[in-house]
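I have placed the structure first, in the form of structure tokens, so that the comments after it can refer back to it.
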Amino acid sequence: DAKTTQPPSMDCAEGRAANLPCNHSTISGNEYVYWYRQIHSQGPQYIIHGLKNNETNEMASLIITEDRKSSTLILPHATLRDTAVYYCIVEGTALIFGKGTTLSVSS
Amino acid sequence: DAEITQSPRHKITETGRQVTLACHQTWNHNNMFWYRQDLGHGLRLIHYSYGVQDTNKGEVSDGYSVSRSNTEDLPLTLESAASSQTSVYFCASSESTRGSSYNEQFFGPGTRLTVL
């Protein structure tokens, strides 16, 4: 199963875009990239996923590089409620969660 | 509305006791998972199931067992609880099988287990 690398923490001002990077250099051609987040002590919540093309939904955008070795999750207008741990995961036998990126959004 | 529930939400037990954590989902999902989460770690996979009578070991399966007798439930059993198993346990379910383009997992609220 492909592994991912994320920065341990990031800060973002409220209202600004939050860009969360992820490296997955060992990803296979048919493996999807998933993003989840975990707010405080709640269960993780699905955000978005993609294979090759960029994806957008009501929560976020996902930009995947052409070589698929890295991706960026974009929260276009971060709010205080977006403060959470964000996990980048490459689909394998089951989802493998790393330590993720702790995003702190401040006013 | 469909949901996934876990019980109990909090449990305190003693070393050596058998403990069972319940997970119930009403989505009729084939796939169910158990994770544990400890401070300083992300979620780590304990066991998972792709359907009735199917169970598989995850990353940290030692000391845990599961059984899948129906679609809705995947109970997690700690055969002989140890202090190292003090953790928050999350159950999850998903509709698709491996290789599908859609593998969103829905997580339960978690069970906080303390082993004294």
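The values are calculated or read from the model by the stated rules, or taken from the named source; none is laboratory data. Treat the numbers as computed from the prediction; the structure is a model and nothing was measured. Cβ: placed from backbone, ideal geometry, glycine included. Neighbour counts: every protein chain shown.
Key figures
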read-out	value
Residue tally, condition within 12 Å of chain A (Cβ to nearest Cβ), surrounded by 14 or more Cβ atoms within 10 Å (Cβ to Cβ) and either in contact (Cβ under 8 Å) with a residue 40 or more places away in the chain or within 18 Å of B:PRO109 (Cα to Cα) (or both), over region B:39-72	8
Any pair with Cβ under 6 angstrom, 6 or more apart, that starts in region A:1-21 at a residue that is modelled with pLDDT under 95 and ends at one that is surrounded by fewer than 14 Cβ atoms within 10 Å (Cβ to Cβ) and among the polar types (S, T, N, Q)	A:ALA2/A:THR26
Index of the failed condition, B:TRP27 passing every other in (1) within 27 Å of A:LYS99 (Cβ to Cβ); (2) in contact with a Ser or Thr (Cβ under 7 Å, 6 or more places away or on another chain); (3) touching a residue at least 60 places away in the same chain (Cβ under 8 Å); (4) hydrophobic (A, V, I, L, M, F, W, C)	(1)
Set B:SER80, B:SER49: member being over 17 Å from B:ARG9 (Cβ atoms) and outside any loop (DSSP other than H, G, I, E, B)	B:SER49
Of all residues in region A:47-74 being within 11 Å of chain B (Cβ to nearest Cβ) and buried (at least 18 other Cβ atoms within 10 Å of the Cβ), the one that is farthest from B:GLN6 (Cα to Cα)	A:GLY50
Complete set of residues in region B:1-38 that are hydroxyl-bearing (Ser, Thr, Tyr) and buried (at least 18 other Cβ atoms within 10 Å of the Cβ)	B:TYR35
Lone unmet requirement of (1) modelled with pLDDT of 90 or more; (2) closer than 30 Å to B:ASP54 by Cβ for A:LEU75	(2)
Test: residue in region B:80-90 that is within 14 Å of chain A (Cβ to nearest Cβ), under 19 Å from A:ILE96 (Cβ atoms) and among the hydrophobic types (A, V, I, L, M, F, W, C)	yes
Filter result (within 21 Å of A:ILE96 (Cβ to Cβ) and of a type outside the set (Phe, Trp, Tyr)) within region B:52-64	B:ASP54, B:THR55, B:ASN56, B:LYS57, B:GLY58, B:GLU59, B:VAL60, B:SER61, B:ASP62, B:GLY63
Failed item in (1) surrounded by fewer than 21 Cβ atoms within 10 Å (Cβ to Cβ); (2) at pLDDT 95 or above; (3) within 23 Å of B:ARG44 (Cβ to Cβ), with A:LYS99 passing the rest	(2)
Listing of strands (runs of 3 or more DSSP E) fully contained in region A:1-103 that carry 2 or more residues being over 19 Å from B:PHE33 (Cβ atoms)	A:9-13, A:18-23, A:45-50, A:61-64, A:70-75, A:84-90
Restricting region A:76-107 to residues that are without any contact (Cβ under 8 Å) to a residue 60 or more places away in the chain and away from every other protein chain (no Cβ under 14 Å), the residue that is farthest from A:ILE39 (Cα to Cα)	A:PRO76
Test: residue in region A:27-43 that is more than 24 Å from B:GLY58 (Cα to Cα), of a type outside the set (A, V, I, L, M, F, W, C) and surrounded by 13 or more Cβ atoms within 10 Å (Cβ to Cβ)	no
Filtered residue count, region B:34-56, keeping only those that are among the charged types (D, E, K, R) and either within 11 Å of the chain's Cα centre (by Cα) or at pLDDT 95 or above (or both)	2
